[in-house]
Structure formats: C-alpha cells, structure tokens
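**Q** Just dropping this structure here.
Read-outs: derived from the displayed coordinates by stated rules, not from any lab. Just so it is clear, the model here is predicted, and its values are computed rather than measured. Note that each Cβ is placed from the backbone with ideal geometry, even for glycine, and that neighbours are counted across all protein chains shown.
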Amino acid sequence: MRSTASRTGMALILAGLLLFGLLSFLIRYAVFSDEWISHSNRSGVASIEQVTDRSGAVLYEPHADKPYSEDALIRKATVHLLGDREGNIDPLMLKQYIPQLVGFDKINGTYGMKGGNGQVELTVSASVEAVALQALNGRKGTVGVYNYKTGEILCAVTSPTFDPYKAPTVADDADKTWEGLYLHRFFHSTYTPGSIFKLVTTAAALENIPDIQDQTFNCTGSITVNGEVIHCQSNKAHGTQTLEQALANSCNCAYAQIAQQVGAQRLSRKAAQIGITDRLFVDGYWTKAGSFDLSGADANRVAWAGIGQDIDLVNPCQYMTWMGAIANGGKAAEPWLVRRVYSGGKLRYEAKTTYTSSMITKAAAAELTDLMHNNVEEMYAPVNFSGVKVCAKSGTAEVYGKENTATFAGFIASDRYPLAFVVIIEEGGSGARTCSPVAANVLWACINVMKAES
Ligand SMILES: [Zn+2]
C-alpha cells in the first residue's frame, strides 16, 4: 500500500513538473518568440530579396553577386542603414522586421520564405542621401530630414562612411580619419547644441513670461552673471534688442538674461517636455539620450545652459523631431524609416503615423515659427528659398579641445513640403556659414523628390 501511495505521489509530482515546464515554455514562447526568430537569423540577410528607397531605386539585394547600389555615392550614403559584409555595422533597421520577413507568427511558426523573397521599402531617398553626403564633403557629422506630418525620414546620412566594396582598414587611425566610422551619428551620437538650443529657451520664455516679446535686452558684448563673465561672439556689442533681434543675432548676453528670467526649474521642465533627455525608437534604432541637468546649478550655469553650452547634449534625430513639433503646432509625427515589408508576395507590415506628445503650446509654436523665419531672412541667405517659408537657427558649439561644432536646425513651414531638418558638422566652425549651404542643398533635393512624387 505504502509503495503504491508513494508511486502515485511521485507520478503527481512528475505530472506537476511537466505541466509547470510546459506552461513556462508557453509563456516564454509568447513573450520571446519574435526575439528567438531575430536571433536565429541574425544577419537578417537570408530572408530579404530586395531593399528599395522611397522611389523604388534598388539599394540592396543580399543574394546578388553585387548586393549594393551600382552608384558608389549611394553605397556610401546608405551602408549604415543596410549593414556591411564584414559585420561591423549591424543592420538594426532590417533586423527589426525579420519576424515579418520570414513569415513568422506565434500560431503557425514560420510559414514560408525559403531562399529569401522579402521586400523592404524605405522612406529615405537615395538621391537625397547622395546629395547630403556630397554636401558634407568628407567632414564628420550628420544630416537628417523628415516629413513632420507623416514621419517619413527622407535623409539620414552619417559621415565618415565608406564604400562597402572597399572597406577601409581602421586599425591604425592615428589622425582619427575614421573616428566613429561604424556609428550612425544621426541615431547614436549626442552633440553640444550651441545656439540651436536657444530655441528651447525661447519656447520656455514664450510660454512662461507673458510680456517677453515686449521686453528689450541690452548687450554690451559681455555680461557678468554670478561673478563670471559671459561673452557674445567676438565680444560684439549688440546694443538694445527685442527677443526677435536677440534670437537672430544669437546674442549670448540677452539669452543669459532670458534664461535667468525663465529660471532653472522651468528651463529643465521644458527640456524634459521636449524629450531632450529621452530616447526615441526609430525602426530598430534606440536613439542616444541627450542630457540636461541643472540640479544644484548656480545662476551662471543656468545662463550657459540657456545659451546651449554647459553640459547640454542633444541627439540629432530627437532634435529634428522637436523642430517638427514647432512646425506642426506642438506635436510632430514620430520619425520612421521603413514604409512597407512584403514577404511571399504579401504585405506583412505597413507603417502608420503616430504623434509625439505635446512639446510646445500652439500659440508659442506659432510665435517661434515667425521668430525662426525672421532668422532665415536676416541671417541665412542660402536657405532663403523664394516661395517656401524656411525657419531655422544656427549654432556654433564650443567643444573642449576641439574646433567648434557647427549646428543648424529648422523646418519648412508648408503643407506641401512639411520638412524638418538638422545638420551637424564636427569641427565645422560657424553653423550659419558651414551648415546652412548644406541644408539648402539637401532641402532642395527633398523638394524635387516630393514634386516628382505628386
Ligand atoms: Zn550680444
């Protein structure tokens, strides 16, 4: 009797263990199966037949003898999105859609796709990418442009880059020619913004100080805040200025005063609301978070933070999205790269537009748009297209031990060409001089592509 009872007990325990194992497998399967498929197909190459740009130009055919574009410039401009043959660049964007590409679902498992017949349609334009890379002209940096109403990224170029057919040897890089070669700077870098950050300070001022547009600010070329001197560029005395003039002149003395009025708390709250310190998820890419931390800061540091120096850091993709939010009256479309994915002749994925949370009030966005358009009319002749309202701000960011970083960000206020952009050139000197011609070339290229599509 006793042995029968213990055998029954043992069987029950075994049955319990089996049930437990099965349940935990099912739970893990439900949660992690997409990830298992991605890992089992790490390169993502096997399931893809073709990757095309927004106009149908072939960018990548992994199974072909010559898998990349026939055009060397386009190969260089897109290798960071597509990945290289040596595996130094992870094709995060393509890997994101492996479950759809291999035709996997949780009920049926893999239901097809031997040999690779997946199609991926991107939102980037190969011709715009090429124009942007050419405009960077070998300098390190990044150019990003996207449609702030739909979220389509037309351009996400990073430099330095390389031809995937002629991968460089980077082991001995004493002069740092290839510094950050495998990094997509648009998604995975942060930069000291310099004066493009004055747009954040201006937004906080417009929202919190009712008479800010009626005030004037005096500039004698320098101002002492909490015992430390803040200079304007070349110590130039800008004299008495309105907010509009202070932004166009990028007057540090005026912005030191404006940042004081806004105060550390409201400036920090604005930076957080805009998402400066958040990461965005863009088709496989988690952007690098920026930084903005004024805890324990004295008045001088608050002034420098409002100017765009101090410890401020911004991510180019995130900052471009903020430009889109101003243009779009407070909320921007979230950026994306992949428009459609087909597998086995069927549509498996199609992007949908989603919107950011509100980054700025509608009223302040309208005021800031006019201020930024005035900048372009007064300061940035190259981007002043006739018939198109371009709004922008330049920056020249001081970086310890290096030449200044040139920065430029803005948008076109238009229903027909709703484009927000960011241009960053490392050691580029003046943002207005270095970046604005790059932005002009790339925006024209985008407009031409959009005209051809309509
Ligand atoms: Zn000044």
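**Q** Taking each pair of distinct Cα atoms in the chain once, what is the resulting Kirkwood hydrodynamic radius in Å? Could the numbers behind the result be given before it?
**A** Working: mean 1/r = 0.0421 Å⁻¹.
After inverting the pairwise mean of 1/r, the radius is 23.7 Å.
**Q** Which trypsin sites (Lys or Arg not before Pro) in the range 388-418 sit in a loop by DSSP (not H, G, I, E or B) and have at most 14 other Cβ atoms within 10 Å of their own Cβ?
**A** Numbers: sites: Lys389, Lys393, Lys402, Arg416; in loops: Lys389, Lys402, Arg416.
Of the trypsin sites (Lys or Arg not before Pro), the ones in loops of the range 388-418 whose Cβ has at most 14 other Cβ atoms within 10 Å are Lys402, Arg416.
**Q** Name the residue farthest towards the positive end of the dipole of the range 49-454 from the options Gly275, Gly118, Ala167, assuming +1 on Cβ of Lys and Arg, -1 on Cβ of Asp and Glu, about the Cα centre.
**A** Gly118
**Q** Shifting gears a bit: On a 0 to 90 degree scale, rounded to 10, what angle separates helix 252-274 from the longest Cα axis of the chain?
**A** The two axes meet at around 20 degrees.
**Q** Next up: Please identify every one of the trypsin sites (Lys or Arg not before Pro) in the range 282-388 that sits in a loop by DSSP and has no more than 13 other beta carbons within 10 Å of its own beta carbon. If you can, show how the numbers build up before the last one.
**A** Values: sites: Lys288, Arg301, Lys331, Arg339, Arg340, Lys346, Arg348, Lys352, Lys362; in loops: Lys288, Lys331, Lys352.
Those satisfying the criteria are Lys352.
**Q** Based on the inverse mean of 1/r over its pairs of different Cα atoms, what is the Kirkwood hydrodynamic radius of the range 319-428, in Å?
**A** Values: mean 1/r = 0.0635 Å⁻¹.
Averaging 1/r across every pair of different Cα atoms and inverting gives 15.8 Å.
**Q** Please give the FRET efficiency for Glu86 paired with Leu14, using the beta carbon to beta carbon distance and R0 = 51 Å, rounded to the nearest 0.05. Show your work: numbers first, answer last.
**A** Values: r = 50 Å, r/R0 = 0.99.
Calculated value: 0.50.
**Q** If you don't mind, there's one more thing I want to ask. Arranged by the count of other C-beta atoms within 10 angstrom, fewest first, what order do Tyr165, Tyr182 take?
**A** Working: Tyr165 13, Tyr182 19.
Listed from fewest to most nearby Cβ atoms, that is Tyr165, Tyr182.
**Q** From Cα coordinates alone, what are the radius of gyration and Dmax values for the range 142-244 in angstrom?
**A** Reported Rg and Dmax, both Å: 21.1, 59.
**Q** Let me ask you something else. Can you tell me the length gained on complete extension of the stretch Ser386 to Trp444, counting 0.36 nm per residue apart and subtracting the Cα distance? Show your work: numbers first, answer last.
**A** Details: separation 58, 0.36 × 58 = 20.88 nm, distance 1.15 nm.
Gain in length upon complete extension: 19.7 nm.
**Q** Next up: Order by neighbour count: Trp322, Trp336, Trp286, fewest other Cβ atoms within 10 Å first, most last. Numbers along the way, then the final one.
**A** Details: Trp322 26, Trp336 21, Trp286 12.
So the ranking, lowest neighbour count to highest, is Trp286, Trp336, Trp322.
**Q** Explain nothing, just the number: relative contact order of the range 299-407, from Cα pairs under 8 Å at least 6 residues apart, as a whole percent.
**A** Details: 114 pairs, mean separation 20.5, N = 109.
Relative contact order here is 19 percent.
**Q** If you don't mind, another one. Work out the length of the dipole vector of the range 307-397 about its Cα centre, built from +1 on the beta-carbon of each Lys and Arg and -1 on the beta-carbon of each Asp and Glu, and round it to the nearest 20 debye.
**A** Numbers: 9 positive and 8 negative charges, 158 e Å.
The dipole of the range 307-397 has a size of about 760 debye.
**Q** To the nearest 20 debye, what is the magnitude of the charge dipole of the chain about its Cα centre, counting +1 on the Cβ of each Lys and Arg and -1 on the Cβ of each Asp and Glu?
**A** Values: 39 positive and 43 negative charges, 283 e Å.
Around 1360 debye, computed over the chain.
**Q** What GluC sites (Glu not before Pro) in the range 176-232 are in a loop by DSSP, with at most 14 other Cβ atoms within 10 Å of the Cβ? Intermediate values should be presented prior to the final figure.
**A** Values: sites: Glu179, Glu207, Glu228; in loops: Glu179.
Answer in residue order: Glu179.
**Q** Under the rule of -39500 (n - 2.57) per DSSP H run of 4 or more residues, summed and divided by the residues of the chain, what mean residue ellipticity at 222 nm is obtained, to the nearest 500 deg cm²/dmol? Walk me through the numbers before you get to the answer.
**A** Values: 13 runs with 176 residues, N = 454.
Dividing the helical sum by the residues of the chain leaves -12500 deg cm²/dmol.
**Q** Same structure again: Estimate the FRET efficiency between Thr177 and Lys346 by the formula 1/(1 + (r/R0)^6), using the beta-carbon distance for r and 41 Å for R0, to the nearest 0.05.
**A** Values: r = 45 Å, r/R0 = 1.11.
Rounded to the nearest 0.05, the efficiency is 0.35.
**Q** Convert each backbone phi in the range 139-156 into a coupling constant with the Karplus relation 6.51 cos²θ - 1.76 cosθ + 1.60 (shift: θ = phi - 60°), then list the ³J(HN,Hα) values in order as whole Hz, x for Gly and Pro.
**A** Values, residue by residue: 6, 6, x, 8, 10, x, 9, 8, 7, 6, 8, 10, x, 5, 7, 8, 8, 9 Hz.
**Q** Let me ask something else about it. By the 4.7 Å beta carbon criterion, which cysteine residues of the chain come out unpaired?
**A** Cys155, Cys232, Cys251, Cys317, Cys391, Cys435, Cys446
**Q** Just going by the charge dipole of the range 300-362, with Lys and Arg at +1 and Asp and Glu at -1 on Cβ, which of Ala303, Gly345, Tyr355 is farthest out on the positive end?
**A** Among Ala303, Gly345, Tyr355, the one farthest towards the positive end of the dipole of the range 300-362 is Gly345.
**Q** Related question: State, to one decimal in nm², a quarter of the convex hull surface area for the C-alpha atoms of the range 378-438, i.e. the direction-averaged projected area. Write out the running numbers ahead of the final one.
**A** On the way: hull surface 15.7 nm².
Hull-based average projected area comes out at 3.9 nm².
**Q** If the chain between Asp293 and Ala237 were fully stretched, how many nm would it gain, using 0.36 nm times the residue separation less the Cα-Cα distance? Don't jump to the answer; show the numbers that get you there.
**A** Numbers: separation 56, 0.36 × 56 = 20.16 nm, distance 2.99 nm.
Stretched fully, the Asp293-Ala237 segment lengthens by 17.2 nm.
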